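Presented below is the structure to which this report refers.
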Amino acid sequence: MGVMAVYALLPLFWLVVNSTKTQTSLFSSFGLWFSGDFALWDNIVGTLTYNDGEFLRWLANTVLYVVVGAGGATFLATLAGYGLAKFDFPGKRGVFAVVLGAVAIPGTALAVPTFLMFSQMGLTNTPWSVIIPSLISPFGLYLVWIYALESVPTEVLEAARMDGAGEFRTFFTISLRMLAPGFITVLLFTVVATWNNYFLPLIMLSQSTWYPLTVGLNSWNAQATTAGGEAIYNLVITGSLLTIVPIVGAFLFLQRFWQSGLSAGSVK
Amino acid sequence: MKNNHRFRRAAGAALAASLLMGGLAACSGSGTTANAGAEGASAEDIAKALDTETTLTVWGWAPQLEPIVEAFEAKYPKVHVNLENVGTGNAHYTKLQNAVKAGSGAPDVAQIEYNALPQFALSDSLVNLKDFGAEELKDNYTASTWGSVNLNGGVYALPQDSGPMAMFYRADVFEKHGISVPTTWDEYVAAGKAIHAADPKAYITNDTGDAGFTTSMIWQAGGKPYTVDGNTNVSIDLQDEGAKKWTGTWNQLLKDDLVAPITSWSDEWYKGLSDGSIATLIIGAWMPANLESGAEAASGKWRVAPMPTYETGAAATAENGGGGDAVMKQSKNKAAAYGFLQFANGPEGSKIHAANGGFPSTTADLESDSFLNAENAYFGGQKINEVLVQASKDVVPGWSYLPFQTYANSIYSDTVGQAYGSKGDLNDGLKAWQDATAKYGQQQGFTVTTK
């Protein structure tokens, strides 16, 4: 347990410690303790202003991709998963097979074919090329599907229908609440996945103005590995720290909604 | 940071996989658009193109490109240049290959390193600059860089930077332990032993296996493992005399753990360069700028000497890195694009390039007194360019890279890298590398012979 805690927390500790160092003291001091001038504030200012503040631009891009991409993916997955769990229609087994198959294919493998397709449509190097593929979350769909089977009692839906509620009204006013822990979980997964998405935007985008933080920070990191390039590891490290702050915040915030058992006792 | 590196490695593997797919397309598409001569332009056409409202897209990561583009736009205000940094090295080539495969989305001008140039040139993705009269520029560039852009009878890029190799060393470390600076590889191995014995934390150099370094070292040893005949006939021999000379030296260092197990360009590496635990670097002449910005704390302690040789007094070196700018076949403004190349890689651009820390490939700059006599404060006032310019003249001629070198380099760690991990014989690793590379080449439609 202790070993696990160290393994999990040490990189974070390293990140915090080293984001307080200047570029010079970064390479001349022990990595796991503070040393030299306390430069955290300077580093944060440097990160936010380097190259005309492109970090802020990347942050805004990432937020856009997360809100539209992860939000949209969660919405679609919830709708589809619920529909598949609660309605019968021909071809359901086929859909089941396709969704399960899609869960097994890593997004990275699809990136290049997707690029070629988007290139034909003229969508590469636009935000759409990152957002549209992010909207699809087979794993999220599957999770909601399974969750809906268990947590939304068919009896409750039948009762709603008897009372004259339409299917959409039933979905938004009754089922969605019962599904909350399920789709919050999906939202967490898609938010983290989109926030950390690297390969897809790397393939799709060529203009740094549309980069998300991951690709942007990597381009800063790569700067130190080119002939004549300026090494700015202190900004890369501070940027990485700033990048994980919102995702930690999102996790803590969403956890509040992570209560289950809402529908417990609704049917006896 | 650690995570970041691991992350990059994983991404690199994925990139290699997609390069593989891109390479396939490059081959199947070759030969369909070849109509040399039709795309050329005269000097007047180029001048006219530079005086017409145009937007050029340039892909490159070199930090020197930015000031060059600014100066170009100031001189030719009607041409607007979109400089895009789509990634460094493999990331850049993957994107370029994807755009070539997709048939659209490629820039007008792309920065391409010498080792990746054959891949794009021989797959017919680049304009043969001979059609624009580039052949006349031959005498402006060093023999080795001009040889690198001359492939199969065409000129596919204009050289920008070059990286003749030299030995960068920590004068203070050698002095402290009373060890003399090596001039031959035997002395280098001996110095490696002495340094590590005097200070267990110090190493003569670092190396965890790097394809570019390996090929450069074989180049210096006189090896010619890759030969390309026509567009499709390739032969690979990583067991020739040169390759064996190098492994003979390097095996000794690896066997006795005399090389720091630190990957170049990592933060640990910069740390080692700063604190003296890495005592020498055998690397390209572009290194000074990186030392100045990455190992600021070691200012005044580094010096430059010629690369050690196999025989006493026989000067020999190789190119390490460096590249040029090419015009893509997909470009719709080829004349203006070539005009940009003439500026960026000609006298005006190369001055800006050198002023921003690049090492030139142009003979005029290399031979200018101001360049040769510049005293570098970081190197304790040493006139380092005297050593580096001499290195550019001592490059062993006749080297060539594979038409699928970027792929070959991407699988280096799975083959030769194993020998590093297990401290085995590098020759076994080179054989495995040769086999895997040959297999890939055959899949790509090349006729590959191995020895």
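Note on the range A:1-160: Rg/Rh from Cα positions, Kirkwood definition for Rh, rounded to two decimals, is 1.15.
Per-residue SASA remark: A:LEU149, around 90 Å² accessible (1.4 Å probe; ligands, DNA and RNA not included). Cross-linked pairs B:LYS95/B:LYS423; B:LYS130/B:LYS351; B:LYS351/B:LYS383; B:LYS95/B:LYS130; B:LYS244/B:LYS439; A:LYS21/B:LYS201: Cα-Cα separations exceed 30 Å for B:LYS95/B:LYS423.
Would you please give the FRET efficiency between B:LYS439 and A:MET117, computed as 1/(1 + (r/R0)^6) with r the Cβ-Cβ distance and R0 = 25 Å, to the nearest 0.05? Taking R0 as 25 Å, the efficiency between B:LYS439 and A:MET117 is 0.25.
Computed over the alpha carbons of the range A:1-70, Rg followed by Dmax gives 15.9, 45 Å. Over chain B, Cα pairs under 8 Å with separation of 6+ residues give a relative contact order of 25 percent. Selection among B:GLY380, B:SER370, B:SER410 by position relative to the dipole of the range B:337-451 gives B:SER410 as farthest towards the positive end (Cβ unit charges, Cα centre). When all protein chains stay in place and ligands, DNA and RNA are ignored, the 1.4 Å accessible-area order of B:VAL387, B:VAL304, largest first, is B:VAL387, B:VAL304.
Dipole magnitude for the range A:72-182: computed about the Cα centre from +1 point charges on Lys and Arg Cβ and -1 point charges on Asp and Glu Cβ, it is near 180 debye.
Of A:TYR65, B:HIS80, A:LEU15, which is farthest towards the positive pole of the protein assembly as shown's charge dipole, taken about the Cα centre with +1 and -1 on the beta-carbons of Lys, Arg and Asp, Glu respectively? Highest projection toward the positive end goes to A:TYR65. Residues whose amide H falls under 5 Å from that of A:ALA224, counting only those 5 or more places apart or on a different chain, are A:ILE232, with hydrogens built in the peptide plane. Name the residue farthest towards the positive end of the dipole of chain B from the options B:ALA315, B:GLY346, B:GLY209, assuming +1 on Cβ of Lys and Arg, -1 on Cβ of Asp and Glu, about the Cα centre. My answer, from the dipole projection, is B:GLY209. About the centre of its Cα atoms, the range A:128-268 shows a dipole size close to 160 debye [charges on the beta carbon of Lys, Arg (+1) and Asp, Glu (-1) only; nearest 20 debye].
Using the basic label-point model (7 angstrom from Cα toward the beta carbon), what is the B:LYS383 to B:SER299 distance in nanometres? Result: 2.4 nm between the two label points. Amide H contacts of B:ILE283 (H built 1.01 Å from N, in plane; Pro and chain starts excluded): B:ALA166, B:PHE168 sit under 5 Å, all sequence-distant by 5 or more or on other chains.
Note on A:ILE174: accessible area is roughly 50 Å² with a 1.4 Å probe, heavy atoms of protein only.
Here the Gaussian network model covers chain A, with springs between Cα atoms less than 10 Å apart; of A:LEU12, A:LEU242, A:LEU202, A:LEU12 fluctuates the most. Extending 7 Å from the Cα toward the beta-carbon at both A:VAL63 and A:MET162 defines two label points whose distance is 4.8 nm. In sequence order, the range A:40-57 has phi-based couplings of 4, 5, 4, 5, 5, 4, x, 4, 6, 10, 4, 6, 6, x, 5, 4, 5, 4 Hz under the Karplus curve 6.51 cos²θ - 1.76 cosθ + 1.60, θ = phi - 60°, and Gly or Pro positions carry x.
With a 1.4 Å probe and all protein chains left in place, how much accessible area per residue does the range B:305-356 have, in Å²? Dividing the accessible area of the range B:305-356 by its residue count gives 34 Å².
For chain A, a crude dipole built from +1 on the beta carbon of Lys and Arg and -1 on the beta carbon of Asp and Glu, taken about the Cα centre, is about 520 debye to the nearest 20. With a ≥ b ≥ c the root eigenvalues of the C-alpha gyration tensor of the range B:232-293, is it rounded (a/c under 1.5), prolate (a/b larger than b/c) or oblate? In terms of gyration-tensor shape, oblate. Rounded, prolate or oblate, given the Cα gyration tensor of chain A, with a/c below 1.5 counting as rounded? Note, shape of chain A comes out prolate.
Using the Karplus relation 6.51 cos²θ - 1.76 cosθ + 1.60 with θ = phi - 60°, the per-residue 3J(HN,Hα) values for the range B:439-449 come to 4, 4, x, 5, 4, 7, x, 8, 8, 10, 10 Hz, with x marking Gly and Pro.
In this structure the amide hydrogen of B:LEU56, modeled in the peptide plane, comes within under 5 Å of the amide hydrogens of B:HIS80, B:VAL81, B:ASN82, none closer than 5 places in sequence on its chain. In this structure B:ASP257 has an accessible area near 70 Å², from a 1.4 Å probe over the protein heavy atoms. Spherically averaged projected area of the convex hull of Cα atoms, the protein assembly as shown: 35.8 nm². Computed on protein heavy atoms with a 1.4 Å probe, the accessible areas place A:LYS86, B:LYS224, B:LYS255 in the order B:LYS255, B:LYS224, A:LYS86, largest first.
A full extension of the chain between A:LEU48 and A:ILE146 corresponds to an added length of 30.9 nm, given 0.36 nm per residue minus the alpha carbon distance. Look at the Cα gyration tensor of the range B:328-451: its axes a ≥ b ≥ c give a/c of at least 1.5 with a/b at or below b/c, and that counts as oblate.
Take the Cα of A:VAL192, step 7 Å toward its Cβ, do the same at B:GLU375, and the gap between the two points is 5.9 nm. Please determine, in degrees from 0 to 90 and to the nearest 10, the orientation of helix B:65-75 with respect to the longest principal axis defined by the Cα atoms of chain B, where the helix direction is its Cα long axis. For helix B:65-75, the angle is close to 40 degrees.
The values are calculated or read from the model by the stated rules, or taken from the named source; none is laboratory data. These figures come from a predicted structure and were not determined experimentally. Neighbour counts are summed over all protein chains in view; Cβ atoms, including those assigned to glycine, are modelled from backbone coordinates with ideal geometry. Just the protein is used for accessible areas: all its heavy atoms, side chains included, with ligands, DNA and RNA removed. Shrake-Rupley method; radii C 1.70, N 1.55, O 1.52, S 1.80 Å.
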